[in-house]
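Colleague: Below are the structure tokens for one structure; questions will follow.
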Amino acid sequence: MHVSAKVDYAVRILVEIARAQPDSVKADIIATAQAIPPKILESAAAELRRAGLVTSRRGPDGGYRLARPAADISIADVIRGVEGPLASVRGQRPEDVTYSGAAEPLQRVWIALRVNIRAVLEQVSIADIAWDKLPDFVTLLTADPDAWARRPIPDGA
């Protein structure tokens, strides 16, 4: 799975806002805290507003706030809000892709991949990250040294 810069920025923005709650937080504070260029932050924040994850207010008392509690915003919600479905195959949802012949079982592989992505991303909230209280299964998964090992890239890739 490829995590785009847009998703990474969006999650980091939400984490900074969560830490400031119940107060709103200004864009320049978020940009400085997370080393996000201001123009990129504005663009990502606009996507988060359209996705219904943040609200904003202009003026001296303005800034960004979460649209709902941090514990109710999963990483999956963020990805879906700024990029669309968690898993797609050639731009289609895995259940809409069909194969024939020897490749027919491949659809089930893509479905299984989506199930596993959901198993992590739907269970980790912005609050979990903001307050460093990741679910136990994340600690368990990342405790395995093999989780940190890089795999070689096939020749010609």
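The values are calculated or read from the model by the stated rules, or taken from the named source; none is laboratory data. Quick caveat: nothing in here was measured; it's all calculated off a predicted structure. Quick reminder, even Gly has a Cβ in these numbers, built from the backbone with ideal geometry, and neighbours come from all protein chains shown. Areas reflect the complete protein model, heavy atoms only, side chains present, ligands, DNA and RNA absent. Shrake-Rupley method; radii C 1.70, N 1.55, O 1.52, S 1.80 Å.
Colleague: List the relative contact order of the chain as a percent without decimals, with contacts defined as Cα pairs under 8 Å and 6+ residues apart.
Modeller: Once divided by the residue count of the chain, the mean separation gives 23 percent.
Colleague: So for the chain, Kirkwood radius off the Cα pairs, Stokes-Einstein at 37 °C and 0.692 mPa s: how many µm² s⁻¹?
Modeller: For these conditions, the coefficient is 187 µm²/s.
Colleague: Also, quick follow-up: Nearest 10 degrees is fine. How inclined is helix 5-20 to the longest principal axis of the chain, computing both from alpha carbons?
Modeller: So the helix axis and the longest Cα principal axis differ by about 40 degrees.
Colleague: Considering just Cα atoms, how many Å³ per residue does the convex hull of region 1-93 enclose?
Modeller: Dividing the Cα hull volume of region 1-93 by its residues yields 97 Å³.
Colleague: Please list, in order, the residues from region 30-56 whose amide nitrogen is less than 17 Å from a point placed 7 Å along the Cα→Cβ vector of residue 6.
Modeller: 37, 39-54
Colleague: Per residue, what accessible area does the chain have, given a 1.4 Å probe and all protein chains present, in Å²?
Modeller: Per-residue value: 64 Å².
Colleague: Using amide H atoms built in the peptide plane, which far-off residues or other-chain residues are under 5 Å from residue 54 H to H?
Modeller: 49, 67
Colleague: Could you give each residue of region 119-130 its phi-based ³J(HN,Hα) in whole Hz, using Karplus coefficients 6.51, -1.76, 1.60 with θ = phi - 60°, and x for Gly or Pro?
Modeller: 4, 8, 5, 7, 9, 10, 9, 4, 4, 4, 6, 4
Colleague: Could you please state, rounded to a whole Å, how far the C-alpha centre of region 84-157 is from the C-alpha centre of region 7-32?
Modeller: What the calculation gives is 26 Å, centre to centre.
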